[in-house]
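Single-structure report; data block below.
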Amino acid sequence: MSERGLEGLWERGYSRLGLLLDQQQCEATRALYGQPELFRSRIDMARYRFGRGEYQYFSYPLPAHIAELRGRLYAQLAGVATEWMSALSKPREYPADLAAFLEQCHAAGQTRPTPLLLRYGAQDFNCLHQDLYGEIFFPFQVVICLSRSDEEFTGGELLLMEQQPRAQSVGHAIRLEQGEGVVITTRYRPVKGSRGYYRTNFKHGVSPLLSGERYSLGIIFHDAS
Ligand SMILES: [Fe+2]
């Protein structure tokens with residue numbers, strides 16, 4: 001991950017990571033959606049009023065390439081995560097490798113895997129939300145788009161809403177190419193003010209698809225209770 005990318009995270013609360021999967025890997029990954037034995041649960045978003053469309057959480061063991069990507073991204077982000085939480089005045093030391101962090105999650109009763117595949121059809125969308133599943137959380141998560149923007153779907157931008165203290169919210173719209181990843185803050189961003197850092201609160205979602213079908217892979221690092 002480049003220094004510039006890390007600055008993007010500090011400056012905006014998200015950073016583009018470039019292509020993390022090639023076209024063939026994207027197609028192989030989204031094809032997993034049709035194999036229910038790989039997943040622990042399937043959520044119909046309309047049923048819970050989370051939006052429209054559906055997603056499935058993988059079971060352990062994760063498919064090998066997803067486990068590898070989750071471990072590699074975690075290792076790249078752990079140091080920044082520790083600095084980030086310190087700037088937020090919520091100091092927490094994140095271990096250098098994912099296995100050690102997951103041990104902390106499991107000891108706190110957060111044992112269920114959280115990486116997920118999402119599928120949106122025309123008019124589907126994901127309401128603005130945060131993915132927090134217990135006391136322990138990692139301050140970043142990664143989203144990878146598995147479909148070809150414009151060719152396979154239109155609309156369906158990744159949305160971030162940044163709630164500023166004593167001011168109106170800022171919206172960020174992120175159009176992703178197939179295989180492109182973006183790291184976003186899970187919860188807050190530390191913003192440098194005149195007297196140290198203050199916090200803005202983030203939610204994320206997906207704008208309604210205008211046409212086609214869009215798959216994405218969400219890599220959340222903390223497990224769920
Ligand atoms: Fe989410």
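The values are calculated or read from the model by the stated rules, or taken from the named source; none is laboratory data. Remember, predicted model here, so these are calculated numbers, not experimental data. As a convention, Cβ positions derive from the backbone with ideal geometry for all residues, glycine included, and neighbour counts pool all protein chains shown. Just the protein is used for accessible areas: all its heavy atoms, side chains included, with ligands, DNA and RNA removed. Shrake-Rupley method; radii C 1.70, N 1.55, O 1.52, S 1.80 Å.
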Q. When you scan region 106-117, how many residues do you find that are open to solvent by 20 Å² or more (accessible area, probe 1.4 Å) and either in a loop (DSSP other than H, G, I, E, B) or in contact (Cβ under 8 Å) with a residue 60 or more places away in the chain (or both)?
A. 5
(Q) If GLN76 satisfies all but one of (1) part of a helix (DSSP H, G or I); (2) modelled with pLDDT under 95; (3) open to solvent by 70 Å² or more (accessible area, probe 1.4 Å); (4) within 15 Å of ILE184 (Cβ to Cβ), what's the number of the condition it fails? (A) (2)
**Q.** Entirely in region 139-219, the strands (runs of 3 or more DSSP E) that have 1 or more residues that are of a type in the set (A, V, I, L, M, F, W, C) and over 16 Å from GLY13 (Cα atoms)
**A.** 140-145, 153-155, 196-206, 209-212
**Q.** Any chance TYR57 is touching a Ser or Thr at 6+ places or on another chain (Cβ under 8 Å) and of a type outside the set (Gly, Ala, Ser)
**A.** yes
Q.
I'm checking my understanding of the structure. Among residues of region 194-225 that are open to solvent by less than 30 Å² (accessible area, probe 1.4 Å) and among the small types (Gly, Ala, Ser), which one is nearest to the ligand (Cβ to nearest atom)?
A. GLY218
Q.
Please return the ranges of strands (runs of 3 or more DSSP E) entirely within region 4-64 where 3 or more residues are touching a strand residue (DSSP E or B) at 6+ places or on another chain (Cβ under 8 Å) and not aromatic (Phe, Trp, Tyr).
A. 14-19, 39-44
Q) If a residue has to be open to solvent by less than 10 Å² (accessible area, probe 1.4 Å) and either among the charged types (D, E, K, R) or in a helix (DSSP H, G or I) (or both) to count, how many in region 79-105 make the cut? A) 5
(Q) Taking the condition of being more than 16 Å from the ligand (Cβ to nearest atom) and either at positive phi or surrounded by 21 or more Cβ atoms within 10 Å (Cβ to Cβ) (or both), how many residues in region 118-135 meet it? (A) 1
